[in-house]
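The values are calculated or read from the model by the stated rules, or taken from the named source; none is laboratory data. Predicted, not measured: the structure shown is a model, and the values here were computed from it. Every residue, glycine among them, receives a Cβ derived from its backbone with ideal geometry; neighbour counts consider all protein chains shown.
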Amino acid sequence: MPKDPKTFIEANTAIETPPLIPEVRLRLATEIVPIWQATEDDLAHLGIPPPYWAFAWAGGQAVARYILDNPDVVAGKRVLDFASGCGLVAIAAAKSGAASVTASDIDPFAMAAIDLNAKLNAVTITATSEDLIGQDGPWDVVLAGDICYEQPLSDRVAQWLRRLARKGRTVRLGDPGRTYLPQGGLDWVVRYAVKTTRELEDTDVRNAVVWKFTAD
Ligand SMILES: C[S@@+](CC[C@H](N)C(=O)[O-])C[C@H]1O[C@@H](n2cnc3c(N)ncnc32)[C@H](O)[C@@H]1O
């Protein structure tokens, strides 16, 4: 049973690079099934969510690749990585010259993972566990990777991100074809084939698209 999130993360992960992002090192689960099942079984009764922070999800890898290949999107800007998980997108933004980077996630284990992973990559990220959905913060750019896996979350986030886009913020969403991707109001930006594993996904490769919220 994990007592301290950082100790638990260090004991259950290894330092790896996600397939699409060789320039970023992260503490990730190597043996997927044991950590997923162990934590689900052990932690469910404590109300602690599954360890999303232990994986670099295909949607997040797509946004991170896009940002690293197009640093002008974030350079000199105040960036929010919403639902950051392991912190990959936030780290990509920091490495691409963002003026400041905030990573948000409601999971306290993600807070610890983001901190550990930011240190591994020698970047500065402010992590917050506040639920920012609906808020209008001081962000020029809002990025989100792989958040369309549950309908209520996807609906709330889509309305919020669309509102921010209408206010002139740059908003990008990375999604590998999840069930609850919003229908309409999105423009295709770029697509990447992301190598994944059948233990986590139902395929060896996922085509992950970076979407732009239309302002109209
Ligand atoms: C599938 S993971 C994606 C993580 C990361 N963006 C990536 O692509 O690797 C989804 C994340 O959303 C987070 N999450 C769910 N609801 C949230 C909310 N209201 N605010 C912030 N994060 C949230 C979960 O804790 C989880 O870390």
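In the set Val171, Val210, Val190, Val157, which member is among the β-branched types (Val, Ile, Thr), outside any loop (DSSP other than H, G, I, E, B) and over 15 Å from the mean Cα position of the chain (by Cα)? Quick ask: steps written out before the conclusion?
Details: Val171 fails: over 15 Å from the mean Cα position of the chain (by Cα); Val210 fails: over 15 Å from the mean Cα position of the chain (by Cα); Val157 fails: over 15 Å from the mean Cα position of the chain (by Cα).
Every option except Val190 fails the conditions.
State whether one or more residues within segment 143-161 are of a type in the set (Gly, Ala, Ser) and farther than 29 Å from Asp202 by Cα.
Of all residues in segment 143-161, those of a type in the set (Gly, Ala, Ser) come to 144-145, 154, 158.
Applying the additional criterion that residues be farther than 29 Å from Asp202 by Cα yields none.
Scanning segment 143-161 turns up no residue that is of a type in the set (Gly, Ala, Ser) and farther than 29 Å from Asp202 by Cα.
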So which of Ala103, Ala118, Ala110 ends up being closer than 16 Å to Gly60 by Cα, in contact with a Ser or Thr (Cβ under 6 Å, 6 or more places away or on another chain) and either free of Cβ contacts under 8 Å to residues at least 12 places away in the same chain or not acidic (Asp, Glu) (or both)? Ala103
Can you name the residue in segment 66-90 that is over 10 Å from the mean Cα position of the chain (by Cα) and either part of a helix (DSSP H, G or I) or among the acidic types (Asp, Glu) (or both) and is also farthest from the ligand (Cβ to nearest atom) among such residues? Asp72
Which one is nearest to the ligand (Cβ to nearest atom), of the residues in segment 100-128 that are surrounded by fewer than 18 Cβ atoms within 10 Å (Cβ to Cβ) and among the small types (Gly, Ala, Ser)? Ser100
With the requirement that a residue be under 19 Å from Ile114 (Cβ atoms), within 9 Å of the ligand (Cβ to nearest atom) and within 14 Å of the chain's Cα centre (by Cα), what does segment 129-152 give you? Ser129, Leu143, Ala144, Gly145, Asp146, Ile147
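Kindly check whether there is at least one residue in segment 154-164 that is within 9 Å of the ligand (Cβ to nearest atom), at pLDDT 95 or above and touching a Ser or Thr at 6+ places or on another chain (Cβ under 8 Å).
The initial filter retains those residues of segment 154-164 that are within 9 Å of the ligand (Cβ to nearest atom), namely 156-157.
Within this subset, residues satisfying the condition of being at pLDDT 95 or above are 156-157.
From what's left, touching a Ser or Thr at 6+ places or on another chain (Cβ under 8 Å): none.
No, the conditions are met nowhere in segment 154-164.
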Report yes if Asp146 is buried (at least 24 other Cβ atoms within 10 Å of the Cβ) and either more than 16 Å from Leu26 (Cβ to Cβ) or touching a residue at least 60 places away in the same chain (Cβ under 8 Å) (or both), otherwise no. yes
